[in-house]
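Notes follow once the structure below has been shown.
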Amino acid sequence: MTSDRDTRIQQAADLIAGSRRLVAFTGAGISTESGIPDFRSPGGIWTRFDPDDFTIDRFLSSEDSRRKQWRLFGDGLLSDKAEPNLAHLAIAELYRLGKLDCVITQNIDNLHQKAGVPDERVFELHGNMRWAVCLDCGRRYAFAEITVRLAGGEEIPHCLDCRGMLKPDIVMFGEQLPVRTLEEAARRSMAADVFLAIGSTLTVYPAALMPQYAVQAGGKLILVNLTETPLDRRADVLLPFMAGETMQAVVEAVRTRLAE
Ligand code: ZN
């Protein structure tokens with residue numbers, strides 16, 4: 001007997017196997033299974049710290065705020081220890097099967113690339129924690145290098161070339177999203193015939209516009225998220241289950257379809 005869940009997984013696999021331009025879209029929910037906390041959830045970091053201390057304005061204007069923020073970044077807030085989980089690996093497998101146009105992500109954790117999706121196929125709306133950038137000369141530093149400097153006692157790291165202010169290359173509260181990335185993500189969402197959203201509540205804007213663009217342009221929508229989203233009623237397939245095992249099952253079924 002097939003369960004409702006199995007039926008939905010087959011439906012998702014049918015859509016993906018038959019797609020010509022599949023766009024995957026991911027939020028914090030895909031990475032919680034890799035042990036990365038969703039910062040906004042209970043027990044998340046913003047229950048221990050005041051988010052107002054972490055706005056771009058404060059970072060730029062207050063040395064005290066910069067010191068606090070760097071302490072937190074150096075303390076493992078931007079740790080690179082996490083590993084991709086089954087959901088990241090499933091998306092990378094779709095890429096290897098030739099079924100993935102790109103991943104658009106709200107995450108900064110680099111796990112799609114770690115799983116095997118090439119950098120140029122990952123559009124990071126909120127930046128990537130692998131890098132810090134000099135706000136004056138633009139020099140980029142591997143974040144790991146900065147972590148070493150912080151551990152060595154530097155409280156507020158500066159650019160080694162120009163002494164300019166360094167900032168993690170992530171989008172902070174109150175900061176504009178990277179314009180070109182946002183435009184390219186929007187363009188690809190509109191061109192998608194199947195849009196697969198995983199682990200996003202679809203409530204953080206402008207990221208949440210992407211699935212709307214896809215649906216408005218006639219794309220099919222597959223939603224994998226444990227909790228309700230504002231787009232549930234527009235979804236062609238709704239999978240309110242854990243991302244890892246669900247995506248693994250979907251990709252297995254896609255592989256079977258493609259082999260038929
Ligand atoms: Zn510099």
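The values are calculated or read from the model by the stated rules, or taken from the named source; none is laboratory data. For clarity, every value in this text was computed on a predicted model and none was experimentally measured. Neighbour counts are summed over all protein chains in view; Cβ atoms, including those assigned to glycine, are modelled from backbone coordinates with ideal geometry. Accessible surface is based on the protein model in full, side chains and every heavy atom, while ligands, DNA and RNA are left aside. Shrake-Rupley method; radii C 1.70, N 1.55, O 1.52, S 1.80 Å.
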Scan the stretch 96-114 and give yes if some residue there is touching a helix residue (DSSP H, G or I) at 6+ places or on another chain (Cβ under 6 Å), outside any loop (DSSP other than H, G, I, E, B), surrounded by fewer than 19 Cβ atoms within 10 Å (Cβ to Cβ) and at negative phi, otherwise no.
no
Of the residues A12, A24, which single one is part of a helix (DSSP H, G or I) and at pLDDT 95 or above?
A12
List every residue pair whose Cβ atoms sit under 7 Å apart, with the two residues 6 or more apart in sequence or on different chains, where the first one lies in the stretch 22-34 and is of a type in the set (D, E, K, R) and the second, anywhere, is at pLDDT 95 or above and part of a helix (DSSP H, G or I).
E33/A87; E33/A243; E33/G244
When residues of the stretch 152-171 are limited to those that are of a type in the set (D, E) and more than 10 Å from the ligand (Cβ to nearest atom), the one most open to solvent (accessible area, probe 1.4 Å)
E155
Could you please find all residues in the stretch 118-151 being open to solvent by 70 Å² or more (accessible area, probe 1.4 Å), of a type outside the set (F, W, Y), more than 17 Å from I104 (Cβ to Cβ) and more than 9 Å from the ligand (Cβ to nearest atom)?
R130, R140, E145, V148, A151
With criteria (1) modelled with pLDDT under 90; (2) over 18 Å from the mean Cα position of the chain (by Cα); (3) farther than 24 Å from A197 by Cα, P42 comes up short on (3)
List pairs: first residue in the stretch 154-176 and more than 15 Å from R71 (Cβ to Cβ), second residue open to solvent by 40 Å² or more (accessible area, probe 1.4 Å) and away from the ligand (no atom under 14 Å from the Cβ) anywhere in the structure, Cβ distance under 7 angstrom, at least six positions apart or on different chains.
F173/P51; G174/D57
Kindly evaluate G164 against the criterion of being over 18 Å from the mean Cα position of the chain (by Cα) and closer than 25 Å to F59 by Cβ.
yes
Of all residues in the stretch 83-132, which are in contact (Cβ under 8 Å) with a residue 60 or more places away in the chain, touching a Pro at 6+ places or on another chain (Cβ under 8 Å) and within 25 Å of G174 (Cα to Cα)?
L111, L125
